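Novice: Here it is: the structure, laid out below.
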Amino acid sequence: MKACPDCARLYPDDAGFCPVDGKELINATQAPVAAADGDARVGQIMCGRYQVRRIVADGGMGRVYEALDMAERRNAALKVLHPDVATDAVSLERFKREFEISKLLPHDYIVDVWDFQPTQDGSYALVMEFLYGEELRATLKRENVLPPERVVRMVSQVAIGLDEAHARKLVHRDLKPDNVFLCQTREGDIAKILDFGSVKDKSDPAKKLTVMGTTIGSPYYMAPEQAQGLETLDHRADVWALAAITYECLVGTVPFKGNNGPSILLEILTKEPPAPSVAAQGKPHPVPPTLDRVMLHAFKKNPTMRIGSVGAFADALGQAYGLTGTHREWATVPQEQLRAAIAARLPEMMAQTAAPAPRDVADNFFGESDSLVGVPGVGQPVPPAPMSHPAPYADDLVPMGVPKSGNLALLVACAVGGVALLLGVVLVVVLMR
């Protein structure tokens with residue numbers, strides 16, 4: 001490894017100069033490490049092998065450092081818990097769980113976690129691969145919206161990573177732009193999913209850190225069943241979250257808004273977002289009406305009616321932009337090649353008929369379920385194994401929120417469902433206080 005003599009950043013052996021300050025790189029073991037004000041860890045050897053080089057970031061759980069792994073001669077990211085967090089049993093168990101879960105998963109599109117150790121100053125360190133790039137959140141703050149080819153490639157990669165987790169009955173539960181890291185390459189981003197500390201293990205009910213009725217996750221990306229703290233939550237909550245991230249990337253705003261946690265969750269439980277083709281008007285990258293139908297079914301309140309897997313959602317996203325093939329192919333196609341393919345089909349996609357405008361009601365209570373029969377990936381039990389089938393959406397589907405006439409059983413179901421919805425909203429508001 002090489003290092004910058006000024007900023008202490010680490011680089012591969014074939015690097016020549018630091019892109020941050022332009023200094024010529026030297027051997028990492030010979031590069032001095034400047035002390036950081038108020039942080040005695042910088043410059044020290046932690047856990048017997050990790051030389052802390054610099055502070056990278058601070059979060060609610062802990063502080064992240066760049067370090068040199070003296071044993072493996074590689075750079076690493078050390079996430080060290082804050083002192084108050086390290087003494088909390090549940091937070092510590094979530095921290096340890098991230099290490100244990102990571103060892104079960106492939107790491108093409110999931111950050112590789114290497115080690116979990118107590119530190120000499122009474123905390124705990126999670127050691128993982130050091131990623132070059134930035135979180136999707138930082139990218140969105142700077143650019144507001146992303147071109148479709150970049151989004152399709154990223155979502156395809158995230159879907160591959162999540163489908164592997166879902167096949168093992170592991171639900172991420174906290175998928176958001178902060179937990180998607182983009183490593184830039186000449187061919188396009190390589191996405192890495194971060195933070196499996198909030199994972200729900202559906203394979204073993206005994207492995208439960210969350211009290212029934214409580215919520216885990218970021219409100220803006222939370223599925224209705226997750227917002228209500230339902231024990232029935234499964235991999236389809238991650239489908240909702242990935243759809244919400246995709247919507248934000250293409251439109252520039254989150255699909256469900258609010259001034260605080262309860263108001264956001266109330267929107268999620270009772271409203272429908274604006275169609276992306278309408279919400280994106282005036283943005284640099286037009287969104288075709290063909291995507292409206294995809295989002296309509298990705299945001300189904302009833303998870304049994306939602307697109308059945310993240311892979312199926314990624315396929316539907318690419319097809320909405322006129323791409324052929326599957327997300328497993330698009331994940332590795334150079335971004336420029338995807339751009340050309342989308343540009344060639346975009347006029348045709350833009351000319352398609354838009355999906356019916358949804359009404360501001362919770363769809364699963366208003367008799368739409370039988371209108372989705374025959375739609376691949378929607379309205380059918382789908383195992384959480386990776387899948388890549390097409391997801392066409394028929395033009396004769398009944399608009400969301402419109403009950404079918406002459407159905408007494410449906411009216412009874414509406415009444416019962418309305419009561420259940422109100423109880424769910426009250427529960428969420430109480431829990432969020």
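Novice: Between Thr87 and Arg49, how many nm apart are label points set 7 Å from Cα along the C-beta direction?
Specialist: Placing both labels 7 Å beyond Cα along the Cβ direction yields 3.1 nm.
Novice: Once you have the Cα-Cα distance between Ala351 and Ala34, take 0.36 nm times their residue separation minus that, and quote the gain in nm to one decimal.
Specialist: Here the answer is 108.2 nm.
Novice: So for the stretch 247-303, what are the equivalent ellipsoid semi-axes in whole Å, largest first, each being the square root of 5 times an eigenvalue of the Cα gyration tensor?
Specialist: Calculated on Cα positions only, the semi-axes equal 21, 15, 7 Å.
Novice: Let me ask something additional. Just rank Ile307, Ile193, fewest to most, by other beta-carbon atoms within 10 angstrom.
Specialist: Ascending number of Cβ neighbours within 10 Å: Ile193, Ile307.
Novice: Using the Cα centre as the reference, give the magnitude of the dipole from point charges on the C-beta atoms of the stretch 33-129 (Lys, Arg: +1; Asp, Glu: -1; all else neutral), rounded to the nearest 20 debye.
Specialist: Values: 12 positive and 16 negative charges, 39 e Å.
The calculation lands at about 180 debye.
Novice: Let me ask something else. With the contact rule set at Cα under 8 Å and sequence spacing of 6 or more, what percent relative contact order holds for the stretch 33-129?
Specialist: RCO, the stretch 33-129: 21 percent.
Novice: What are the semi-axes of the equivalent ellipsoid for the stretch 245-354, taken as the square roots of 5 times the Cα gyration tensor eigenvalues, largest first, in whole Å?
Specialist: Working through the eigenvalues yields semi-axes of 26, 16, 13 Å.
Novice: If neighbour count is taken as other Cβ atoms inside 10 Å, put Met350, Met1 in order from fewest to most.
Specialist: Met350, Met1
Novice: Let me ask something else. For the stretch 33-129, compute Rg over Rh where Rg is the Cα radius of gyration and Rh is the Kirkwood radius from the inverse mean 1/r over Cα pairs.
Specialist: 0.95
Novice: Using a cut-off of under 14 Å, list every residue of the stretch 129-150 whose amide N is near the label point 7 Å from the Cα of Val20 along the Cα-to-beta-carbon line.
Specialist: 131-134
Novice: Tell me, what is the percent relative contact order of the stretch 54-195, built from C-alpha pairs under 8 Å that lie six or more residues apart?
Specialist: 21
Novice: If each residue's Cβ is checked for other Cβ atoms within 10 Å, how do Val287, Val333 rank with the fewest at the top? Each step should come with its number before you reach the end.
Specialist: Numbers: Val287 26, Val333 19.
Arranged by neighbour count, lowest to highest, Val287, Val333 become Val333, Val287.
Novice: Okay, next question. Among rounded, prolate and oblate, which fits the stretch 222-279 when a ≥ b ≥ c are the square roots of the eigenvalues of its C-alpha gyration tensor, a/c under 1.5 means rounded, and a/b larger than b/c means prolate? Each step should come with its number before you reach the end.
Specialist: Numbers: a/c = 2.33, a/b = 1.39, b/c = 1.68.
Oblate.
Novice: Between Gln281 and Gln117, how many nm apart are label points set 7 Å from Cα along the C-beta direction?
Specialist: So the label points at Gln281 and Gln117 sit 5.9 nm apart.
Novice: Within 10 Å of each candidate Cβ there may be at most 14 other Cβ atoms; applying that plus a DSSP loop requirement, which trypsin sites (Lys or Arg not before Pro) in the stretch 38-102 survive?
Specialist: Values: sites: Arg41, Arg49, Arg53, Arg54, Arg63, Arg73, Arg74, Lys79, Arg94, Lys96, Arg97; in loops: Arg41, Arg49, Arg73.
Taking the stretch 38-102 and a limit of 14 other Cβ atoms within 10 Å, the loop trypsin sites (Lys or Arg not before Pro) found are Arg73.
Since every read-out is calculated from the coordinates, none of them should be taken as a lab result. None of these values were measured; they are calculated from a predicted model. Positions of Cβ are generated from backbone atoms using ideal geometry, with glycine treated the same way; all protein chains shown enter the neighbour counts.
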